[in-house]
1. If you count only protein heavy atoms and use a 1.4 Å probe, how large is the accessible surface of His118, to the nearest 10 Å²?
2. Among Val242, Ile228, Thr184, whose Cα lies farthest out toward the positive end of the dipole of segment 178-274, if unit charges sit on the beta carbon of Lys, Arg (+1) and Asp, Glu (-1)?
3. Given H placed 1.01 Å from N in the peptide plane, which residues other than close sequence neighbours of Val238 have an amide H under 5 Å from its amide H?
4. Leaving out ligands, DNA and RNA, what percent of the accessible area of the chain is carbon and sulfur, probe 1.4 Å?
5. Please list Met82, Met246 in order of solvent-accessible area, largest first, computed with a 1.4 Å probe with all protein chains present.
6. Between their Cα atoms, which of Lys115/Lys155; Lys76/Lys155; Lys155/Lys354 are more than 27 Å away from each other?
7. Let me check something: with ligands and nucleic acids excluded, how do Glu24, Glu31 order by accessible area (1.4 Å probe), largest to smallest?
8. Below 8 Å, C-alpha to C-alpha, sequence gap of six or more: please give me the relative contact order for segment 269-371 in percent.
Amino acid sequence: MNHKPIEGFSKLPKQGKIDWLVNEYLEGNQEYQNILKQYWNDDADLQKLHEEFSENTISNFYMPYGIAPNFLIDGKLLALPMAVEESSVVAAASKAAKFWIDKGGFKTTIINTEKLGHTHFIFNVESHKLLHFFNFNLKKKLLEATEDITANMRKRGGGILNISLVDKTAEMPNYYQLKASFDTVDSMGANFINSCLEQFGKTLRQEVATSEDFTQDEKNSLQIVMNILSNFTPDCIVRAEVSCKMEDLKDDSGISPEEFASKFKQAVTIAEIEPYRATTHNKGVMNGVDAVVIATGNDFRATEACAHAYAARDGQYRSLTHCTTDNGVFRFWIDLPISVGVVGGLTNLHPLVKFSLALLGKPSAQELMSILAVSGLAQNFGALRSLVTTGIQKGHMKMHLLNILNQLGATEEEKQHFVTYFKDKTVSHHEVINEFNRMRGN
């Protein structure tokens, strides 16, 4: 089928957008109209609120919103909200939390809270001239020019921490950066940082134009390429860890604590040296992190990008988590770079986000950093625990069983039969189909 482009799609009312989509791409099938409308909220004001979060909204996309209880974090017992669709994530996190609750729970440390942004520019000038200009004129002017922008943030204890000139001409001709670090306190700070950086770009242009340090040809060569925060925040980092005596690592899988610790450490070491394994390993970490990030209205794409860049910071992609078994003590930890906020964005708008933050005791941004690192560590512990004992599929497929049965159209009585049937068996798609057909007499 050949489709025609549309002008002014964003100006159509919601129903107009739906009508066009269904007629142009879905052969006018009314069933698709019904699918979209059944996810609208009955509360018109709440539906309008959701629609204004983004552009061209025609419906809501639901994700399961679950709770992982029994997280003892820095002496506080919390229940974590998790928005995630993958089977077994909430169950694995909950099981890990329960495992550690009588062993002192999770301990966290905020290592740093600096966030970064850059003004990227091209300037055909000798680097020593530019450095002199930056040190003796520009840096002061940049701070003065952003005083109005930073005033409220400074009142809250944040603001611009430092500005430096970075020479990147060895990698790209005439390429320089103004690199700035920020403390945005309880906000994620993207708009604040970008506003500061855009003013940097304007001030740089103005100061170069009026400076006597440069020739007219040099002044004409200045190009402000872009002013933008970086989602790589290696200096906004939190550590979460668990530890216990080796003999306390009792596991219901039947292996000894010593064997469990040995195999667990080997699994982590493999992820530290083997990128193929590290990728899946860290994906499991982010299962736990992202679920809480989404539930608290933060940006999981930024969280993902930062974590994976950090995992490859030395040129090879490696595990985000680490393990030692020295002197009879098992220790497992994560250093997670993460930039999140508890004010601004959806945090003051989305009702479930407000519920999540209230459930967590209205944490500060630093406390939320700790909670997210713990969630990732717990998820990773749960996955590795399964991998080195019973195997990952036993628990995962039991959670996936209901998905398979729903696809087959099983009744509630049939679902209960399957839960009992697989109580002492490993779930497989093939075996579910066989038993389902046997029950139905097919």
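1. Number for this one is 30 Å².
2. Of the candidates, Ile228 comes out farthest on the positive side.
3. Residues meeting the criterion, in which the H sits 1.01 Å from N, are Ile111, Leu336, Ile338.
4. 51 percent
5. Met246, Met82
6. Result: Lys76/Lys155 exceed 27 Å.
7. Descending order: Glu31, Glu24.
8. Computed over segment 269-371, the figure is 27 percent.
The values are calculated or read from the model by the stated rules, or taken from the named source; none is laboratory data. Small disclaimer: the values here were computed from a predicted structure and weren't measured. Cβ: placed from backbone, ideal geometry, glycine included. Neighbour counts: every protein chain shown. Side chains are part of the model used for accessible areas, which takes the heavy atoms of the whole protein and leaves out ligands, DNA and RNA. Shrake-Rupley method; radii C 1.70, N 1.55, O 1.52, S 1.80 Å.
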